[in-house]
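Every number in this text was worked out from the coordinates using simple rules, so none of it is lab data. Here the structure is a predicted model, which means the values were calculated and not measured. So basically every Cβ, Gly included, is an ideal-geometry build from the backbone, and we count neighbours across all protein chains shown.
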Amino acid sequence: MNALMEFDPQAIRAFEHASWERVAPRYGGTFAAATAEFVEALLDAAGVGATTRVLDVCCGPGTVAAAAAARGADAAGLDFSPAMLDIARAAHPRLDFAHGDAEALPFPDRSFAAVVANFGIHHVPRPAAALAEMHRVLMPGGRVAFTMWARPERNAAWQLLFDAIRQHGDADATKAPPSGGSGNNEDDCCAALAAAGFRDVDARLERRAWPVTSAHELIAAFRNGTARTAALIDAQDPAALPAIAAHLAAQAERHRAGGHLRIPIAAILAWGRKGA
């Protein structure tokens, strides 16, 4: 949609910051239910257990840091959104949450035994710089793990929405700047980790089911818990939105189980290790 737009890291950072400041109050009750499905697998991939000193990069409301602490880990989080950090600190007052940039982590070299990012790397203007920083702050032998959403053709939630927009709206309506990263397949994620200096890199597709009560709830979650997808929805002609919602609702019914829709979602989970 924005392939011809010039890459501008500052524009990406400003767009992402404004997006997360806007959605922070509603994120926990909407889209967080989708991202939470992958937390335990993420922590397992990073080898997080009792006493592990772990940093949650792009921590948002602190869900991953809190899950790590529940395992007995010494957990900290970092985010660039003050609104998200306010929520994290209020929900988890015993944990340490720092304000900062994933591309310039405010921690000394070799500070952590594990570093994780749950659906954060692809929101950073320069993912390679963020991975290099994660490598820097890891102790020798420490592990990194991150998740990012798989492409729509492997991810029913996004496919449902984008198909509805193609049928009844404008798939090119958004004016959001292009993402800094497009590595939403296993090979690209492994290559990015290797380029940052990590060893023993690997990645796999993780599939889950996202329970929502209705198509309306699904659209609301996208609008209140994403950046570019929300911008695409908000850029549609208001007159087209009822038809988009109706199309999505009709197609989503094949995923109904009892009183809920269980929408298939898929993420790439990638991990690696810092050398000795």
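Based on Cα contacts under 8 Å between residues 6+ apart, region 150-276 shows a relative contact order of 44 percent. Working from label points 7 Å from Cα in the Cα-to-Cβ sense, the D96 to Q159 distance is 4.4 nm.
Of all DSSP beta bridges located in the chain, what percent are antiparallel, nearest 5? The antiparallel proportion sits near 55 percent. Along its principal axes, the chain has C-alpha extents of 56, 45, 34 angstrom, given from the largest down.
Report the relative contact order of the chain, percent, no decimals, based on alpha-carbon pairs under 8 angstrom and at least 6 residues apart. Once normalised by length, the contact order is 24 percent.
Between H260 and D74, what length in nm is gained on full extension when 0.36 nm per residue of separation is reduced by their alpha carbon distance?
Numbers: separation 186, 0.36 × 186 = 66.96 nm, distance 3.66 nm.
Taking H260 through D74 to full extension adds about 63.3 nm, to one decimal.
About its Cα centre, region 9-273 has a charge dipole of approximately 320 debye under the convention of +1 per Lys or Arg Cβ and -1 per Asp or Glu Cβ, with nothing else charged.
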